[in-house]
1. All other residues with a Cβ under 9 Å from the Cβ of MET86 taken together, and with Lys, Arg as +1 and Asp, Glu as -1, what is their net charge?
2. Considering Cα pairs under 8 angstrom that are at least six residues apart, work out the relative contact order of segment 113-208 and quote it in whole percent.
3. For the chain, what does the relative contact order come out to in percent, with C-alpha contacts under 8 Å and a separation of six or more?
4. Does segment 146-293 classify as rounded, prolate or oblate by the C-alpha gyration tensor (a ≥ b ≥ c root eigenvalues; a/c under 1.5 gives rounded; else a/b over b/c gives prolate, otherwise oblate)?
5. Simple spin-label model, 7 Å along Cα-to-Cβ: GLU336 to PHE178 in nm?
6. Around ILE42, with a cut-off of 10 angstrom between Cβ atoms, what is the net charge of the other residues, counting Lys and Arg +1 and Asp and Glu -1?
7. So if each residue of separation counts as 0.36 nm, and I subtract the Cα-Cα distance between ASN287 and THR320, what length gain in nm does that give?
8. Return the single residue from LYS198, LYS315, LYS249 with maximal mean-square fluctuation; model: Gaussian network over the chain, springs between Cα atoms under 10 Å.
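Just so you know, all these numbers are worked out from the coordinates, no wet-lab data involved. Quick caveat: nothing in here was measured; it's all calculated off a predicted structure. Cβ atoms come from the backbone with ideal geometry, glycine included; neighbour counts cover every protein chain shown.
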Amino acid sequence: MSSREKTGPVEFKIHPIAAMYPGCTPEEKEAMKISIRQNGLIHAATLWEDDNGRTFLIDGLNRARIVAELLQEGIEVADNGSVIEMRYVTFEGRKLSEVIQFIESNNMARRTLSASQRAAIGVRAYQKYIKALADENNVAASEVNTGEQGEVGMRIAARTSTNRQYVYQCIRINESKFGTDLMDQIIAGKLKINNALKVLGRREQGLPDEEEAKDPTDTPVQAQPTKTYDGLKNEVHPDHKAIFAVREKIAEILKLVKKVQAETTAICEKAGGRNINLDALNTDLKNITANLRTHQPHSPCPNCAGAGKTVDKKKCPTCTGSCFLDMAQWKLLTPEVRAPYEKKASAPPEGE
Ligand SMILES: [Zn+2]
């Protein structure tokens, strides 16, 4: 960054990437205002001039607003005697991809952003970052080499200090044609990812965002679409109904196995059943039961949010493209990854 510093009023536009990030909270703003009033402006805001000679503000919007407010209130000198005025430095990088990185790292240092907000902003910023790199290097977005390790979800999670599961959930919301305003609301801190996913699911089924309030005086028997649940008692997404319907079939088979056991035990007690090896038979039946229970779909794959593939269209390494995990696979995940799914419906959403 350069020392080319400007002071006073400067003509600029707020850069659209910087505008993606939520403004500071009223508390943050109040604290910043008190600090500037006491000490003057310590950190200059940052401007960037693009190749077309347009000047953009890429950092320090909140500071610029507060200084303008103080000046409007007639406060021109801080308590420590320094003059209150806006100062700007100019970002030296020419490339948009560098500007995006700069804006992201400044904003991710803010402690008040929740994990949901970080993940959602991270997904959007990464998309723009890849596009900028592709344009700068004259290659397709799929050819861009960022020099980062790991698959996309891991990279975004690392850049934004959040978890991969949130990142993949945000990717799913971001890629849906119903998801744009939901992403906006997550970024603004008005909606949690879990709730956004619920709304998205309803929209994809053609339902209103909110469940309609039930009128107790009017309860006609309606043909409700039957719900399908996974092994964690979570309702499954309509896309995955066919997969998890297998659980119902297996539940029927397990009843049949019990029936086989009861009836063969009864036969063994009869004169003609004496040569049947009941212990061996019971062991076999136990194996059948364990096999079905362990390998039936237990949960949608949290690594790819049940998509079966990663954002770069590669087969998801966790579920190898099947979209679900069985109980054996599920138990291999870390407790941290499992926890949000193992929560009961009555538990408070998303501890952050
Ligand atoms: Zn997967």
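1. On the way: positive: LYS6, ARG63, ARG87; negative: GLU85.
Within the 9 Å Cβ shell, the charges total +2.
2. Details: 93 pairs, mean separation 32.9, N = 96.
Across segment 113-208, relative contact order equals 34 percent.
3. Relative contact order of the chain: 12 percent.
4. It is oblate, given that a/c is not under 1.5 and a/b is not larger than b/c.
5. Spacing of the two 7 Å Cα→Cβ label points: 3.2 nm.
6. On the way: positive: ARG63, ARG87; negative: none.
For residues surrounding ILE42, the net value is +2.
7. Details: separation 33, 0.36 × 33 = 11.88 nm, distance 2.52 nm.
Value of the extension gain: 9.4 nm.
8. LYS249
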